[in-house]
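Everything on this sheet refers to the single structure shown next.
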C-alpha cells in the first residue's frame, strides 16, 4: 500500500511539473472582423491590447476560452482600473486562469449612452475589449511547485505520525 501511494505521488508530481513546464501561450489575435485600437493607452505594453468589436460578451469569452482553456473568474467592473489599466471603462471583467501559471484578463466596455458611442474607422462598434496577459516565470513556477510538493510530503509524514499515536 505504501509503495502504491508513493508511486501515485511520484507520477502526479511529474505530471504537475510537466504542466508547469509548458510554455506560456502567445498573445492571441483578436476575433475576425475586429478593429485593433492604436490609442496610446492600448499600445504602451506588449502584454495589453485592445480592439473594437460587434461581438457579445459571451462570444468574446467563448473565443478566448477556446484559446486558453482555463478557469473563468468573474470580477466586478470596478476592478478594471487596478487589474487592466488606470481609468479603464468597464461593463464586465473576467479572468481566464491556468492555476500556478499565467492569467488572461478580458475587460469589456459596452456604452449605454449615445455620448459614449465607440466610433472608430468610420463605424459605430458595440464594445471595446481590452485583453491583458499576465505571464509567469518558469523558474518561479518550478520553485513554487517543488516547495509545494515538499510541503505535501512533510505534512503527510506529520499526519501519519500524529494519527498513529
> Got a sec? Which of 73, 69 is at pLDDT below 90, under 29 Å from residue 15 (Cα atoms) and not assigned by TED's automatic domain parsing to the domain that holds residue 147?
Replying inline: 69
>> Taking the conditions exactly as written (in contact (Cβ under 8 Å) with a residue 60 or more places away in the chain and farther than 21 Å from residue 137 by Cα), does residue 42 satisfy them or not?
In response: yes
> Inside segment 14-39, can you point out the residues that are in a helix (DSSP H, G or I) and more than 23 Å from the chain's Cα centre (by Cα)?
Replying inline: 14
> For segment 47-71, which residues satisfy the criterion of being within 15 Å of residue 103 (Cα to Cα) and surrounded by fewer than 18 Cβ atoms within 10 Å (Cβ to Cβ)?
Replying inline: 47, 65, 66, 67, 69, 71
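The values are calculated or read from the model by the stated rules, or taken from the named source; none is laboratory data. Predicted model only: the values in this text are computed from it and were never measured. Positions of Cβ are generated from backbone atoms using ideal geometry, with glycine treated the same way; all protein chains shown enter the neighbour counts.
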